[in-house]
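Values quoted throughout were computed directly from the atomic coordinates according to the rules given, and no laboratory measurement underlies them. This one's a predicted model, so the numbers in the text were calculated from it and none came from an experiment. Positions of Cβ are backbone-derived with ideal geometry, glycine not excepted, and every protein chain shown enters the neighbour counts.
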Amino acid sequence: MKCTVAPLLLGCLCLMFSYGHANQRTSASSKHVWNKLILVHHWPVTVCKMNKDLCKNPPNFWTLHGLWPGRAEMCNKSWPFNFSEIQDLRPELMQLWPDIFHPNGSSLWKHEWQKHGTCAAELECMNSQHKYFSKTLELYKKCDLNSALVKFGIVPSTSYYQMKDIKAAILNVYGVVPKIQCLPLDHGQCAQILGQIEICFTKELQLRNCTEGVNEPRDLWKDTSVSWGLQRKEFTVCNDTLQTYYPPVDHNWELMSKEK
């Protein structure tokens, strides 16, 4: 599987609209300027570990966290989320973009639309709620991160990985540098825990390095709905020198500090 530029155009050339165009629904502000789209995947098992009291039976594949237009956020507070506009997408959203803590709810989608979708609406091919969610689903399926990792033998395991091997697998498949986040070491542990992977695109939906341009540190879990109430450490950019744990669904977390 090779995620190349041409198929990722997905039949839609995302022309850039000036703020105030795109149905005049995005507001002009320097903090709303962005130059890349970030397709964010998270590993449900790790997300569940961050607050195990709210999470049951996590999916055993990488799911969507969101599609983020750089650091831009909350570009139009007067454009509320309306679930009826994406009702037909619900089966796919439930499977591929679930709220890990509230599987039957829509709070995550509401949050992602209000914070990120209203900014992505600068692009013609995302200038409605239906377009934003359907395009994100298309990008997720086209890139197929789950298969990309499996292709290079990166699978959930009680054994540890080197971060360079995970990065190399993604680079080999996509031809671009990802951004990978982990849970840092807890007391008594000897490995960081793989949690989130970003694949980046230009405004024309062409793959690009996530590391190009200005470094953009992000308090990643402030991006999630406040109702998630996470009780654990937040994600940080993975340390290249530490062993990395890619936890299987059925692993006993209490044994982790005793292993290896």
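Tabulated results
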{"read-out": "Over region 90-138, relative contact order from alpha-carbon pairs under 8 Å, at least 6 apart, %", "value": "27"}
{"read-out": "Of K142/K167; K56/K110; K131/K164; K36/K115; K77/K110; K141/K179, pairs whose Cα-Cα distance is over 24 Å", "value": "K131/K164"}
{"read-out": "³J(HN,Hα), Karplus 6.51/-1.76/1.60, whole Hz, each residue of region 94-109, x for Gly, Pro", "value": "4, 7, 9, 10, x, 7, 4, 8, 9, x, 9, x, 10, 5, 5, 5"}
{"read-out": "Descending semi-axes in whole angstrom, ellipsoid equivalent of region 41-178, from the Cα gyration tensor", "value": "28, 19, 13"}
{"read-out": "Distant-in-sequence amide H partners of G66 (H built 1.01 Å from N, under 5 Å)", "value": "V40"}
{"read-out": "Protection proxy ranking, peptides 177-183, 145-151, 115-121, average beta carbon neighbours within 10 Å, highest first", "value": "115-121, 177-183, 145-151"}
{"read-out": "HN-Hα J in Hz across region 129-142 - Karplus 6.51, -1.76, 1.60, θ = phi - 60°, x for Gly and Pro", "value": "4, 5, 5, 4, 6, 5, 5, 4, 4, 4, 4, 4, 5, 5"}
